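Report on the structure given below.
Just so it is clear, none of the values below were taken in a lab; they were calculated from the coordinates. Owing to the predicted nature of the structure, the values given are computational and were not obtained by experimental measurement. Here the Cβ positions follow ideal geometry from the backbone for every residue, glycine too, while neighbour counts run over all protein chains shown.
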Amino acid sequence: MRPPFALPSKPVKGGRGTFIYYKMLLHMCITMAKYVTVSARITPELKEKIDKHNVKTSQVIRQALEEEVKRRELEELKEHIKELQPLLNKFTTEEVVRMIREDRDQR
């Protein structure tokens, strides 16, 4: 991932400029440390098309992976709900409301 700003090759001598340079450098190092690299092999034809259309691969890959993880987490949650459904069916809405009120009153 590219830093959101470009650093000069060396700090401006003296005073506030040096401080700002090192602060920006530190921020960049901390930000970069929060990421890992994921790679994929693609065909040369696909690479040419990516370059031709100026596709921002990092952004596209990140978004696709986030969507896939979200989809799988949702599937997992649905499975848990299916497992709990027989237990949940034993309680009526009125019983659940009563239990919540009792719990609140005890606090």
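If R0 is 35 Å, what FRET efficiency do you get for L65 and I20 from their C-beta distance, rounded to 0.05? Before the final figure, lay out each step's value.
Working: r = 35 Å, r/R0 = 0.99.
Efficiency for this residue pair is about 0.50.
Points 7 angstrom from Cα along the Cβ direction at T57 and T92: gap in nanometres?
Result: 6.2 nm between the two label points.
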